[in-house]
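A short reminder: the numbers here are calculations on the coordinates, not readings from a lab. In this text the structure is predicted, and so the values were computed from the model without any measurement. We place every Cβ from the backbone using ideal geometry, glycine too, and count neighbours over all the protein chains shown.
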Amino acid sequence: MSRTRVHNFSISLDGFATGEGLSLDAPFGHAGQRLHEWVFATSFWREQSGEMTDSAGDVPSPRSGNHIGAGVDDAFARLFAPGIGAEIMGSRKFGPPGWHEDPEWRGWWGANPPFHTPVYVLTHHERPPLEMDGGTTFHFLDTSPKEALERAREGAEGRDVRIGGGPTTVREFLAADLIDHLHVVQVPILLGRGVRLWDGLEDLQDSYEVEATSSPSGVTHLTFDRS
């Protein structure tokens, strides 16, 4: 059976995966982009976004100024796509609060989203599937995590399913014991408010083999693999 995976999921030292006050102009609320600076500094990100790198293929870290584009952060970031046949995401990842009231809203990512697979959006406001360029089709489901995973596995055609976020969705899948591999990136900042990942998941580590890898960028990559 295909595996369920989470990749490149950033949290603060106090466990918040997004800030308070999400809006169209602030997709991560008061956190801004601080949780994701580590990935913006990777060669992987620059390749995906079409930005140029230096002659060594590296880019400077926004926090440290060191050239780390091809280092440990880049190695982890590149595991995002291989073997993935579908993604499941929560409503707040697809759009800002109230997006369902705008029939023209097509997600944050433009005409060619970075998924290139079927994507299943968990929402109480279902709508017809939305076909985008590059092989991405958004499907809107009002269902449980277990049933959503069954649908996603059908769409993935034997490949793995990525649980894309946000924190509430990842937490619900963890609570339902539906995630096989979890990659969390702990960023050395404190947010103080927002939406936390770990609430209600006491003793989660007992179900996984956990490894920690430190990076020169200052982040720590935590991987949880099903025991």
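Quick notes on this structure:
- Rounded to 5, the percent of DSSP beta bridges in region 144-227 classed as antiparallel: 100 percent
- Between Thr143 and Thr123, the built amide H atoms are under 5 Å apart, and every one of these is 5 or more places off in sequence or on another chain.
- Computed from point charges on the beta carbon alone (+1 for Lys and Arg, -1 for Asp and Glu), the dipole magnitude for the chain about its Cα centre is near 140 Debye.
- Contour minus Cα-Cα distance for Ser144 and Asp14 (0.36 nm per residue): 44.0 nm
- Point-to-point label distance, Ala70-His116, nm (Cα→Cβ direction, 7 Å offset): 2.2 nm
- Projected label points at Arg127 and Ser227, each 7 Å from Cα along the beta carbon direction, are separated by 4.4 nanometres.
- Length released on extending from Glu202 to Thr137, taking residue separation times 0.36 nm less the Cα-Cα span: 19.9 nm
- Taking a ≥ b ≥ c as the square roots of the eigenvalues of the alpha carbon gyration tensor, region 82-187 is rounded, as a/c is under 1.5.
- Region 142-157 residues near the modelled Leu178 label - backbone nitrogen below 13 Å, point 7 Å along Cα→Cβ: 142-154
- Every helix of 4 or more DSSP H residues in the chain counts as -39500 (n - 2.57), and over all residues that averages to -4500 deg cm²/dmol at 222 nm.
- Antiparallel beta bridges, as assigned by DSSP with both residues in region 87-227, represent about 55 percent of the total such bridges.
- Kirkwood hydrodynamic radius of region 157-227, from inverse mean 1/r over distinct Cα pairs, in Å: 13.5 Å
- Simple spin-label estimate for Arg3 and Trp105 in nanometres, 7 Å along Cα-Cβ: 3.4 nm
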